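Trainee: The following block contains the structure, expressed as structure tokens.
The values are calculated or read from the model by the stated rules, or taken from the named source; none is laboratory data. Owing to the predicted nature of the structure, the values given are computational and were not obtained by experimental measurement. Ideal geometry is used to build each Cβ from the backbone, glycine not excepted, and the neighbour counts take in all protein chains shown. Surface areas here come from the heavy atoms of the whole protein model, side chains and all, with no ligands, DNA or RNA. Shrake-Rupley method; radii C 1.70, N 1.55, O 1.52, S 1.80 Å.
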Amino acid sequence: MKEKIAVLLPAYNEEITIQKVIKDFQEVLPEADIYVYDNNSKDRTNELARQTGAFVKFEPRQGKGNVVRSMFREIDADYYIMADADDTYPAAEVEKLLDPLHKGLADMTIGDRLSNGTYAKENKRGFHDFGNNLVKTLINSLYKGNYNDIMTGYRGFNRLFVKTFPVLSPGFEIETELSIHAMDKRFKLVEVPITYQDRPEGSESKLNTFSDGFKVLKLIFSLFKDYKPLIFFSTLALIMLILGLIVGFPVISEYAQTGFIEKLPSAILATGFMILATLFFISSLILDTVVRQNRMQYELGVYDYYNEKHNRTHR
């Protein structure tokens, strides 16, 4: 049976570039189905996409994460390529993303814009480069990864990854969520350097550097709490313990010398810090057990996927 490839293009007001992006992918992947998900565009994006031969669907909930959620649920394929519809990623280099998937070397491939310097050269928004490096450093440190481009929008996936990925993010945080989920669940990841080019004149980015950057940092914090509660809450417990010792040491010293406690407010505050430290530490142990159980359930769900695939193949 011939393997099915789906090209996924989230789109919001991309009438300037949408036809070129579709045609570029049609040229290099004539066998692929190209899906454009129009996210409430106010221009001719969906009309032009239909004229060029793409399958056009609508996602009424605003935000790239909401679009990706619908794409992953609704589209059935063996391999998926996801790219932005703004003509910043080269369709001509799509085989770099597909090859590791075909060979079974990767569950997700990452189009790395940063390592060859093309993003730094083409990108005209200074804080974006800083933000990419900050997010990369944070995630690699927290999840013991070694990846160059965490927030790229050019990725490839196999069916296993797409059909077992729970999309939680509503907006541009989706790339960060994809990367963190893949590292946490130990999927096979392969980065391939790709050429990046800035948007053509007249095409405007929908990404707000500061508000969307804050959402990404908030997501990293939230997923770190959810995925690694032992480290997260143990760190809070340690902070509370240190504060309790700092506040309580003068009280203990006074009691040792005089047998009395005159710094009653400090004693109460120190006791509060110690109680919080204990609660945080106990919470870390309980939540770590819960996360471990959830991870086991997820792995069993992956086994169910393979059994379903095996049965489907041998019918």
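Trainee: If I filter region 245-256 for residues that are open to solvent by 40 Å² or more (accessible area, probe 1.4 Å) and modelled with pLDDT under 85, do I get at least one hit?
Mentor: Yes.
Trainee: If I go through region 144-184 residue by residue, how many of them are within 18 Å of residue 299 (Cβ to Cβ) and of a type outside the set (S, T, N, Q)?
Mentor: Of the residues in region 144-184, 12 are within 18 Å of residue 299 (Cβ to Cβ) and of a type outside the set (S, T, N, Q).
Trainee: Still on this structure: Can you say whether residue 56 is among the β-branched types (Val, Ile, Thr), under 21 Å from the mean Cα position of the chain (by Cα) and under 11 Å from residue 11 (Cα atoms), as far as the supplied structure shows? Before the answer, list the steps.
Mentor: On the way: among the β-branched types (Val, Ile, Thr): yes; under 21 Å from the mean Cα position of the chain (by Cα): no; under 11 Å from residue 11 (Cα atoms): yes.
When the stated conditions are applied, residue 56 does not pass them.
Trainee: If a residue has to be surrounded by 15 or more Cβ atoms within 10 Å (Cβ to Cβ) and free of Cβ contacts under 8 Å to residues at least 40 places away in the same chain to count, how many in region 1-22 make the cut?
Mentor: So the answer is 3.
Trainee: Restricting to region 165-179, what's the tally of residues that are buried (at least 21 other Cβ atoms within 10 Å of the Cβ) and of a type outside the set (Gly, Ala, Ser)?
Mentor: Here is the first cut: in region 165-179, the ones buried (at least 21 other Cβ atoms within 10 Å of the Cβ) are 169, 172-179.
Restricting the remaining residues to those that are of a type outside the set (Gly, Ala, Ser) gives 172-178.
The qualifying residues number 7.
Trainee: Sticking with this structure for a sec: With 160, 241 as the choices, which residue is open to solvent by 30 Å² or more (accessible area, probe 1.4 Å) and at pLDDT 90 or above?
Mentor: On the way: 160 fails: open to solvent by 30 Å² or more (accessible area, probe 1.4 Å).
When all the criteria are applied, what remains is 241.
Trainee: Those residues that are among the aliphatic types (A, V, I, L, M), closer than 25 Å to residue 195 by Cα and in a loop (DSSP other than H, G, I, E, B), I need them from region 40-95; list them, please.
Mentor: Once the filter is applied, which keeps residues that are among the aliphatic types (A, V, I, L, M), closer than 25 Å to residue 195 by Cα and in a loop (DSSP other than H, G, I, E, B), region 40-95 yields 54, 83, 85.
Trainee: Could you list, in sequence order, the residues of region 259-281 that are open to solvent by 80 Å² or more (accessible area, probe 1.4 Å) and among the β-branched types (Val, Ile, Thr)? Steps first, answer last, please.
Mentor: From region 259-281, those open to solvent by 80 Å² or more (accessible area, probe 1.4 Å) are 260-265, 268-269, 275, 279, 281; that's our starting set.
Answer for region 259-281, where residues must be open to solvent by 80 Å² or more (accessible area, probe 1.4 Å) and among the β-branched types (Val, Ile, Thr): 261, 268, 275.
Trainee: On to the next question. Check region 81-91 and report whether any residue there is over 19 Å from the mean Cα position of the chain (by Cα) and free of Cβ contacts under 8 Å to residues at least 12 places away in the same chain.
Mentor: Applying the first criterion (over 19 Å from the mean Cα position of the chain (by Cα)) to region 81-91 yields 86-88, 90-91.
From the residues that got through so far, the ones that are free of Cβ contacts under 8 Å to residues at least 12 places away in the same chain too are none.
There is no residue in region 81-91 that is over 19 Å from the mean Cα position of the chain (by Cα) and free of Cβ contacts under 8 Å to residues at least 12 places away in the same chain.
Trainee: Another question about this same structure. Criterion first (open to solvent by 20 Å² or more (accessible area, probe 1.4 Å) and assigned to a loop (DSSP other than H, G, I, E, B)) does residue 142 satisfy it? I'd like the intermediate steps shown before the answer.
Mentor: Numbers: open to solvent by 20 Å² or more (accessible area, probe 1.4 Å): yes; assigned to a loop (DSSP other than H, G, I, E, B): no.
In short, no.
Trainee: Inspect all residues belonging to region 32-39 and state whether any of them is among the small types (Gly, Ala, Ser), outside any strand (DSSP E or B), modelled with pLDDT under 95 and open to solvent by 10 Å² or more (accessible area, probe 1.4 Å).
Mentor: Narrowing region 32-39 to residues among the small types (Gly, Ala, Ser): 32.
Okay, now just the ones that are also outside any strand (DSSP E or B), so 32.
Retained after the next criterion (residues that are modelled with pLDDT under 95): none.
No, the conditions are met nowhere in region 32-39.
Trainee: Given the options 146, 140, 123, name the one that is modelled with pLDDT under 80 and more than 26 Å from residue 70 (Cα to Cα). Break it down into steps so the answer makes sense when it comes.
Mentor: Values: 146 fails: modelled with pLDDT under 80; 140 fails: modelled with pLDDT under 80.
Checking each option against the conditions leaves just 123.
Trainee: Only residues in region 130-158 that are of a type in the set (Asp, Glu) count as the first member; pair them with residues that are open to solvent by 20 Å² or more (accessible area, probe 1.4 Å) and part of a loop (DSSP other than H, G, I, E, B), Cβ under 6 angstrom, at least 6 apart or cross-chain, and list the lot.
Mentor: Sorted first by the residue in region 130-158, then by its partner, the pairs are 149/114.
Trainee: Is there a residue in region 260-277 that is in contact (Cβ under 8 Å) with a residue 60 or more places away in the chain and either touching a Lys or Arg at 6+ places or on another chain (Cβ under 9 Å) or among the small types (Gly, Ala, Ser) (or both)?
Mentor: Step one: of region 260-277, the residues in contact (Cβ under 8 Å) with a residue 60 or more places away in the chain are none.
Checked region 260-277: no residue is in contact (Cβ under 8 Å) with a residue 60 or more places away in the chain and either touching a Lys or Arg at 6+ places or on another chain (Cβ under 9 Å) or among the small types (Gly, Ala, Ser) (or both).
Trainee: Looking only at residues that are closer than 10 Å to residue 48 by Cα and charged (D, E, K, R) in region 1-19, which one is nearest to the chain's Cα centre (by Cα)?
Mentor: Here the answer is 14.
Trainee: Could you give every pair whose Cβ atoms fall below 6 Å, whose first residue belongs to region 53-78 and is without any contact (Cβ under 8 Å) to a residue 40 or more places away in the chain, and whose second residue is of a type in the set (Asp, Glu) and not in a strand (DSSP E or B), counting only separations of at least 6 or pairs across chains?
Mentor: Taking only residues 6 or more apart or on different chains, the pairs are 70/59.
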